[in-house]
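Colleague: Provided herewith is a single structure, encoded as structure tokens, for subsequent inquiry.
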Amino acid sequence: LSSIEYAKRIQSTILPPLNDIKQYIPNSFVLYLPKDIVAGDFYWMKTVEKKPDINSNISENLLLIAVCDSTGHGVPGALVSIVCSKAMDKAVKEFEIIEPSLILDKVAEIVIEDFSKNNKENDEIKDAFVVLYNLNNVNVSERIRELSTIKVLGFYDNEVTMYILRENIIRSEEHTSE
């Protein structure tokens with residue numbers, strides 16, 4: 001294998017397989033078209049079980065999905081994407097963070113710490129979008145809170161609400177046809 005093809009194989013280890021994504025979001029697809037064979041852009045997904053707290057005896061199954069753009073193209077960008085993806089894993093697994101904004105804060109902290117070992121300034125994650133999805137319920141007000149980060153992309157409250165209402169209708173129809 002050429003080194004660039006091998007780099008692609010290595011980078012693919014951080015990307016969740018489409019079958020795993022479809023397990024939770026059946027009618028989904030991934031459009032991933034790196035400018036070069038490998039890239040600084042990546043997508044990420046983790047499932048987490050939120051343990052019951054003092055306010056509730058119910059544990060929740062949560063799905064975290066992220067789309068990220070790290071600094072760089074080609075092999076340097078791919079290397080940065082691996083560092084950033086592993087930082088996201090660490091934020092969720094080791095620090096047990098599940099709030100999207102806090103995940104991104106912790107990832108920035110981890111990545112800055114990793115890159116500062118070389119005494120260089122950095123801005124390794126340029127853009128990131130994280131959605132927290134509760135797999136236990138489909139409550140409109142809860143989904144609005146979970147998808148609040150979608151507003152970063154320019155959606156208005158009523159557009160987010162309409163998306164969630166359509167999602168509930170589709171889920172209802174899928175559930176009754178099974």
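The values are calculated or read from the model by the stated rules, or taken from the named source; none is laboratory data. Everything quoted here is computed from the prediction, not taken from an experiment. Every residue, glycine among them, receives a Cβ derived from its backbone with ideal geometry; neighbour counts consider all protein chains shown. The protein model used for the area step is the full one, side chains on, heavy atoms only, and it has no ligands, DNA or RNA in it. Shrake-Rupley method; radii C 1.70, N 1.55, O 1.52, S 1.80 Å.
Colleague: Counting only residues that are open to solvent by 50 Å² or more (accessible area, probe 1.4 Å) and among the aliphatic types (A, V, I, L, M), which one in segment 66-76 is nearest to Glu96 (Cα to Cα)?
Modeller: Val67
Colleague: A follow-up question, please. Find all pairs meeting these conditions: Cβ atoms under 6 angstrom apart; at least six residues apart or on different chains; first residue within segment 32-59 and within 25 Å of Lys8 (Cα to Cα) and modelled with pLDDT of 85 or more; second residue among the polar types (S, T, N, Q) and outside any strand (DSSP E or B).
Modeller: Note: pairs meeting the criteria are Val38/Gln11; Gly40/Ser81; Phe42/Ser81; Phe42/Ser85; Trp44/Ser85.
Colleague: Any residue in segment 116-126 that is modelled with pLDDT under 85, open to solvent by less than 30 Å² (accessible area, probe 1.4 Å) and either closer than 30 Å to Ile37 by Cα or under 16 Å from the mean Cα position of the chain (by Cα) (or both)?
Modeller: yes
Colleague: Conditions: (1) among the hydrophobic types (A, V, I, L, M, F, W, C); (2) over 23 Å from Ser101 (Cα atoms); (3) open to solvent by less than 70 Å² (accessible area, probe 1.4 Å). Leu79 meets all but one. Number of the miss?
Modeller: (3)
Colleague: Open to solvent by 20 Å² or more (accessible area, probe 1.4 Å) and assigned to a strand (DSSP E or B) - does that describe any residue in segment 20-41?
Modeller: Yes - at least one qualifying residue is present in segment 20-41.
Colleague: Here's another thing I want to ask about it. Only residues that are under 14 Å from the mean Cα position of the chain (by Cα) and touching a residue at least 60 places away in the same chain (Cβ under 8 Å): list them for segment 5-23, please.
Modeller: Ile14
Colleague: Further, regarding this structure: What do you reckon, is Ile4 within 20 Å of His73 (Cα to Cα), out of contact with any Ser or Thr (no Cβ under 8 Å at 6 or more places or on another chain), among the β-branched types (Val, Ile, Thr) and part of a loop (DSSP other than H, G, I, E, B)?
Modeller: Criteria not met by Ile4.
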